[in-house]
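Encoded as structure tokens, here's the structure I'll be asking about.
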Amino acid sequence: MSDALLPDPGEAPRQIWPGEFAARYRAKGYWRGESFGTLLRRLAADHGPRIAVVGGETRLSYQDLLAAAETAAHGFLALGLRPGDRVVVQVPNIAGFFPAVFGLFLAGLIPVYALPAHRRTEIAHFVARSGAKALVIADLWEGYDYRALAREIREESPDLRVVVIGEAPVTGEVGEFTAFDSLKGQGELPQVDPSEVAFMQISGGTTGLSKLIPRTHDDYIYSFRESAAICGLTADSVYLCALPVAHNFPMSSPGVFGALSVGAKVVLSPNPAPATAFPLIAAERVTITGLVPPLALLWMQAAPGSAHDLSSLEVLGVGGAKFIPEAAARVRPVLGCTLQQVFGMAEGLVNYTRLDDPEEIIINTQGRPISADDEVLVLDDNGQPVAMGEAGYLHTRGPYTIRAYHNEPAANASSFTPDGFYRTGDMVKQLPGGYLVVQGRAGDHINRAGEKISAEEIEDHLLAHPAVFDAAVVSIPDPFLGERSCAFLVLAEGVEKPKAAAIKAFVRGRGIAAFKVPDEVVFVTEFATTAVGKISRVKLRADLRARYLKEEAAK
Ligand code: OOB
């Protein structure tokens, strides 16, 4: 679909459940009419001097957090931003993330959460698709200068305001940008309607570029409040955020917001490596964290020889990609804590194994939904329910699952059924008690250590290379990452064969996140065709994957 046919990006994001559903979710007490701003004010009143967030040298109490967020809210509005405006937030695991996003919430502004790994192409897409008026970035982080990236983005969008936040306070000169710590202003903060969109997450992106996922205050707060209860969080808990804070899993499953919602302490780890995270666990007496499977493997490898005391750890959540039973069975013996499998999606539905489930369920399933009102269907190719225990396509709707993406009429028509179920693209089996076992994906994306890569998006970048005639990107099973990506290329006639490394460098140079660069590049002479012409991309990718695996097995 051409951009001309898309609704105006200036249009405010909406998320609408049919009236009877909304009424039921309210009547059952799921949606309580509380906004993020009101939630923070209540938390500051209840837990004022207790520590809310630890990041680097910074320790913020609940009352510090509220004060800083209110200052930021006034400052954002003083920049000329208006309630309902979107603000792309690309901030890593630093304490300032919290005053920034709560400041946006209090000002009625709508954060659009980008990940630190995103680069020019992705950020420009989020800005354009959301109609963002501002960008909140870090300065320097893990050797990367986000100010340079923001300058590139501003070449396309000169009116974009840019606010820079750092691990240490940023108050001085930041060139043409605004220092977060110099934000100030006064006056009334707006009334925020909790049934409206609070922020946007980005989708894993099955086709093409990532889509924006509008989540309301009501629905999201319900999901993390309930998650906190399911994960056993109390005000004495300490949640370590080792994955990027802006991702839905560490944000809300139960994540940093689930922890804050009960007055617990959030500790930010700048990265998830055992060498960084283990000393933090010992020093802060961390009780719970969440990891993707490859990191859980890494931690289990490092823990036995580690000098750091990990005995405070009670719960390890693992999700984002399939955690195989053999690895799951080792969590308790090696780390001495309870494994909680988490199968969720930024679009909504989250499943957890319960802490008191039998070991067999904890090891072999990806849990069951949060809510009694999460509707789960497991369907065959004809859209008919399969028998219990059979594999099928997972469709879902419920009190915290979206009914539409922002500004995506075509994707909305294919990703949602007419009666409002979200077609997750996941293949699952459902067991008695509602427990789900993930079997794989129906669609063409690569789940690389929990990072989702759209085959189509990367194929488009590869096709931009002058030597490439055709490209197909497929997932290959990988013992450590779960899946890795492999690009099959047919070269244009008469060109000299480029080196695989040159292809990878080209793709990276297109300004995309490093995790999306193909792990492998394989040159082939042609792609299969049928008598009528080209076969479908889906079939082509499946054939290439099968051929690759057969050749590997024969080696
Ligand atoms: C989480 O969210 P997203 O939006 O990055 O990715 C969602 C997709 C799911 O549709 C599924 O394909 C896969 O990630 N996935 C899993 C899984 N958890 C997620 N596949 C197998 N086993 C699991 N445990 O990844 C996410 C969001 C909230 C909580 C946890 C993960």
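The values are calculated or read from the model by the stated rules, or taken from the named source; none is laboratory data. All of these numbers come straight from a predicted model, not from anything done at the bench. Cβ placement follows ideal geometry from the backbone for every residue including glycine, while neighbour counts extend to all protein chains displayed. Ligands, DNA and RNA are excluded from the accessible area calculation, which covers all protein heavy atoms including side chains. Shrake-Rupley method; radii C 1.70, N 1.55, O 1.52, S 1.80 Å.
When segment 337-352 is examined, which residues are found to be of a type in the set (Val, Ile, Thr) and near the ligand (Cβ under 10 Å from one of its atoms)?
The answer is 342, 350.
Do we have any residue at all in segment 363-381 that's surrounded by fewer than 24 Cβ atoms within 10 Å (Cβ to Cβ), under 25 Å from residue 311 (Cβ atoms) and within 15 Å of the ligand (Cβ to nearest atom)?
yes
Could you list all residues from segment 448-499 that are among the small types (Gly, Ala, Ser), surrounded by fewer than 21 Cβ atoms within 10 Å (Cβ to Cβ) and in contact (Cβ under 8 Å) with a residue 12 or more places away in the chain?
Across segment 448-499, the qualifying residues are 449, 464, 467, 492.
Do we have any residue at all in segment 71-83 that's more than 17 Å from residue 183 (Cβ to Cβ) and in the same structural domain as residue 22 (by TED's automatic domain parsing)?
No: segment 71-83 contains no residue that is more than 17 Å from residue 183 (Cβ to Cβ) and in the same structural domain as residue 22 (by TED's automatic domain parsing).
Hey, among the residues in segment 432-447 that are touching a strand residue (DSSP E or B) at 6+ places or on another chain (Cβ under 8 Å), at pLDDT 95 or above and open to solvent by 50 Å² or more (accessible area, probe 1.4 Å), which one's farthest from the ligand (Cβ to nearest atom)?
Selected residue: 433.
Separate question: Since residue 51 meets every condition but one in (1) open to solvent by 20 Å² or more (accessible area, probe 1.4 Å); (2) in contact with a Lys or Arg (Cβ under 8 Å, 6 or more places away or on another chain); (3) free of Cβ contacts under 8 Å to residues at least 60 places away in the same chain, which condition does it not meet?
(3)
Select from segment 199-215 the residues that are within 12 Å of the ligand (Cβ to nearest atom) and open to solvent by 10 Å² or more (accessible area, probe 1.4 Å) and write down the one among them that is nearest to residue 54 (Cα to Cα).
202
Where the second residue is away from the ligand (no atom under 12 Å from the Cβ) and the first is over 20 Å from residue 440 (Cβ atoms) and lies in segment 362-375, which pairs have Cβ atoms under 6 Å and are six or more apart or on separate chains?
370/226; 371/398; 371/399; 373/398; 373/399; 374/398; 375/397; 375/398
Also, I was wondering about something else. Only residues that are touching a strand residue (DSSP E or B) at 6+ places or on another chain (Cβ under 6 Å) and closer than 25 Å to residue 149 by Cα: list them for segment 46-80, please.
55, 79 - these are the residues of segment 46-80 that are touching a strand residue (DSSP E or B) at 6+ places or on another chain (Cβ under 6 Å) and closer than 25 Å to residue 149 by Cα.
Within segment 481-514, how many residues are farther than 30 Å from residue 146 by Cα, in contact with a Pro (Cβ under 9 Å, 6 or more places away or on another chain) and part of a loop (DSSP other than H, G, I, E, B)?
Total satisfying the criteria: 2.
Here's a follow-up. Do we have any residue at all in segment 343-362 that's touching a Pro at 6+ places or on another chain (Cβ under 8 Å), over 25 Å from residue 26 (Cα atoms) and surrounded by fewer than 20 Cβ atoms within 10 Å (Cβ to Cβ)?
Kept after step one, since they are touching a Pro at 6+ places or on another chain (Cβ under 8 Å), are these residues of segment 343-362: 349-351.
The next check asks that each one be over 25 Å from residue 26 (Cα atoms); those that pass are none.
Looking for residues that are touching a Pro at 6+ places or on another chain (Cβ under 8 Å), over 25 Å from residue 26 (Cα atoms) and surrounded by fewer than 20 Cβ atoms within 10 Å (Cβ to Cβ), one finds none in segment 343-362, hence no.
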